[in-house]
1. Tell me yes or no: at least one residue of the range B:39-58 is away from chain A (no Cβ under 12 Å), over 18 Å from the mean Cα position of the chain (by Cα) and open to solvent by 40 Å² or more (accessible area, probe 1.4 Å).
2. Which of the residues that make up the range B:16-38 are charged (D, E, K, R) and either crowded, with 20+ Cβ neighbours inside 10 Å or facing chain A (nearest Cβ under 7 Å) (or both)?
3. Select from the range A:63-79 the residues that are modelled with pLDDT of 95 or more and assigned to a loop (DSSP other than H, G, I, E, B) and write down the one among them that is farthest from B:Ser39 (Cα to Cα).
4. Among the residues of the range A:34-47, write down those that are within 10 Å of DNA strand C (Cβ to nearest atom) and not small (Gly, Ala, Ser).
5. Quick one: count up the residues across the range A:84-106 that are surrounded by fewer than 19 Cβ atoms within 10 Å (Cβ to Cβ), out of contact with any Gly (no Cβ under 9 Å at 6 or more places or on another chain) and either more than 7 Å from chain B (Cβ to nearest Cβ) or farther than 19 Å from A:Met32 by Cα (or both).
6. Would you call A:Gly50 within 10 Å of DNA strand C (Cβ to nearest atom) and in contact with a strand residue (DSSP E or B) (Cβ under 8 Å, 6 or more places away or on another chain)?
7. Can you name the residue in the range B:60-77 that is hydrophobic (A, V, I, L, M, F, W, C) and more than 13 Å from chain A (Cβ to nearest Cβ) and is also nearest to DNA strand C (Cβ to nearest atom) among such residues?
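The values are calculated or read from the model by the stated rules, or taken from the named source; none is laboratory data. In this text, all values refer to a predicted model and were calculated from it rather than measured experimentally. Here the Cβ positions follow ideal geometry from the backbone for every residue, glycine too, while neighbour counts run over all protein chains shown. Side chains included, ligands, DNA and RNA excluded: accessible areas come from the protein's heavy atoms. Shrake-Rupley method; radii C 1.70, N 1.55, O 1.52, S 1.80 Å.
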2 protein chains.
Amino acid sequence: MYIAWMGHELEHKQQGAGVIDAQAAELVAETMQALSTPSRVRILAHLQEGPCSVTELAAAIGMEQSAVSHQLRVLRYLRLVVGERQGRNVLYELHDSHVGVLLEEALNHVAHLQIGHAAKELIP
Amino acid sequence: MYIAWMGHELEHKQQGAGVIDAQAAELVAETMQALSTPSRVRILAHLQEGPCSVTELAAAIGMEQSAVSHQLRVLRYLRLVVGERQGRNVLYELHDSHVGVLLEEALNHVAHLQIGHAAKELIP
DNA sequence: CGCACGAATGAACAGGCGATCATGTATATT
DNA sequence: AATATACATGATCGCCTGTTCATTCGTGCG
């Protein structure tokens, strides 16, 4: 894959983040890209329920095993999940609680918007 | 469109979003895609400082006006920003506080990861 | 050992996306 | 009205990315 990692270091910005530099923006973007696809969102959401093997995931979500594996690779790379072999299977789980928080925040936001006002219509 | 996950007879979910359906996943993904690009992240981060016109943004971030406008269109559509005309200019600002929270959470996560473990190495 | 199962990888293809260039629209100034 | 400024839109083009197909690697079991 592409995954060419540049020697990024994150400038420690205090919260109330405000203006961030290009590097930080790139990092955030890269990480958030994990949640920018329905398949990965569903994977993560399912893993929120607890550890799970690849084929279980594939079955539960309705994707091919290969596709799931490919996405898990990305999620692994982005440190959103970790996998551990157990016999024939590999059990995946969320890397830490942060991920869950992020997901919920995202869901919160979407829910809030829906309640908010009418439809986001096609932009004139 | 509406959100379906909250009403689910989701067994024992205390606080979590838990398993979400395809629709919800798609919505989340769509929204999170806003943060999946450095340009938009920088735009949002800059707007966290306060309202700002398009050309100001373009200058501050170092993008072409056209590009910024295009991205703002996306952000508008996703309800992350709102724009209001004021004379010749159009002042943009974050749609609400949720957006800021989301951004900060994202930054938090990234920062946490950096501090956390060593480098995310190339995947074997 | 050989075979089946689960997972990972590689190649390739199609669709989507972000940036640029060029042009159109709105508002203010003269 | 004419022009300049500020923003928006449309078209086009590379690039990236998600999926599928085929294959390989790893592991337990007969």
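1. Yes, some residue in the range B:39-58 is away from chain A (no Cβ under 12 Å), over 18 Å from the mean Cα position of the chain (by Cα) and open to solvent by 40 Å² or more (accessible area, probe 1.4 Å).
2. B:Glu26
3. Once the filter is applied, the top-ranked residue is A:Glu64.
4. Listed by number, the list holds a single entry, A:Thr37.
5. Looking only at that region, the number is 7.
6. Considered against the rule, which asks whether it is within 10 Å of DNA strand C (Cβ to nearest atom) and in contact with a strand residue (DSSP E or B) (Cβ under 8 Å, 6 or more places away or on another chain), A:Gly50 comes out as no.
7. Checking each candidate, the answer is B:Ala67.
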